[in-house]
Amino acid sequence: MREWGCSGRSNEELINNLSTLRDMDGIGTILSSERVIAAMKKADRKHYVPDPSSAYEDRPQPIPYGDGATISAPHMHAHAVEHLAEKLQPGARVLDVGSGSGYLCAVLHHLVSPDGEKKGKVVGIDHMPRLVQWSVENLKKDGLKNDTVFVDTTKGDEVSPADGKLTMVCGDGRQGYPPGAPYDAIHVGAAAPTMPQALIDQLANDGRMFIPVGPEYGLQHIVQVDKNGRGEVTKRNLMGVAYVGLKDRPA
């Protein structure tokens, strides 16, 4: 696996490094959108990792309560948000499957609900109740206390996401979250063995999904799924990856 060398001593330095290091094709940079750069600088990774001293290292890190889950390396979050950026406009509806620590939900929130503009909706979903509760605590520490709502579908809860809010759901992410659909953008943070039809169904016309597909510990690819205005779906492999598998809550 390539060493990206984007680590920094602060969140700002990390994001600055991501915006100057060349991408795999050697043409562009990992981060290029000023909107994405600004949003990633607003979400401080130190609030989303168990050990703040390693928060700005460009590598995946284990997170608690998650049955082997990790927070993805910063360069992978950067790739994901850049590929989804054109769909992450103010007012957009976004689903983050395998939301883990809540970090990427914070970045997405800053993109679709910027100050002084139309407010969007971000839904994060993960299958471990304590992990989702921890993500809510993280988001509150990062200044989003008044913007975050916790929903536990395992207890029969079901809430329609509100404008300008982060709705953090405990549930089976493979089934998406129908009360918030359709979504303009869907990010999946763990590898699905096959393409989940439920997520394609919840993708809005003119929407886009960024999802790793393939067996856990096997050959995986990031697949970009686009649905046009007529509901027609196209898929494109972007890069090879190694993600943990997308799971349901243990019985």
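The values are calculated or read from the model by the stated rules, or taken from the named source; none is laboratory data. Computed from a predicted structure; not experimentally measured. In this analysis, Cβ positions are derived from the backbone assuming ideal geometry, glycine residues included, and neighbour counts consider all displayed protein chains.
With respect to the conditions (1) under 20 Å from ILE63 (Cβ atoms); (2) free of Cβ contacts under 8 Å to residues at least 60 places away in the same chain, ASN146 lacks only one, and its number is (1).
May I ask you to list the residues in the stretch 182-191 that are outside any loop (DSSP other than H, G, I, E, B) and at pLDDT 95 or above? TYR183, ASP184, ALA185, ILE186, HIS187, VAL188 - these are the residues of the stretch 182-191 that are outside any loop (DSSP other than H, G, I, E, B) and at pLDDT 95 or above. Here VAL136 meets the list (1) touching a helix residue (DSSP H, G or I) at 6+ places or on another chain (Cβ under 8 Å); (2) buried (at least 17 other Cβ atoms within 10 Å of the Cβ); (3) not basic (Lys, Arg) almost entirely, failing just condition (1). Among the residues of the stretch 154-181, which ones are of a type in the set (Lys, Arg), outside any loop (DSSP other than H, G, I, E, B) and either under 16 Å from the mean Cα position of the chain (by Cα) or crowded, with 16+ Cβ neighbours inside 10 Å (or both)? Across the stretch 154-181, the qualifying residue is only ARG174.
So, in the stretch 232-251, of the ones that are among the small types (Gly, Ala, Ser) and surrounded by 12 or more Cβ atoms within 10 Å (Cβ to Cβ), which residue ends up modelled with the highest pLDDT?
We begin by selecting, within the stretch 232-251, every residue among the small types (Gly, Ala, Ser); these are 240, 242, 245, 251.
With the extra rule that they be surrounded by 12 or more Cβ atoms within 10 Å (Cβ to Cβ), the set shrinks to 240, 242, 245.
Values: GLY240: 87, ALA242: 84, GLY245: 83.
So, considering only residues that are among the small types (Gly, Ala, Ser) and surrounded by 12 or more Cβ atoms within 10 Å (Cβ to Cβ), the one modelled with the highest pLDDT is GLY240.
Each residue in the stretch 196-215 was checked for being surrounded by 16 or more Cβ atoms within 10 Å (Cβ to Cβ) and either polar (S, T, N, Q) or over 13 Å from GLY173 (Cα atoms) (or both), and 10 pass.
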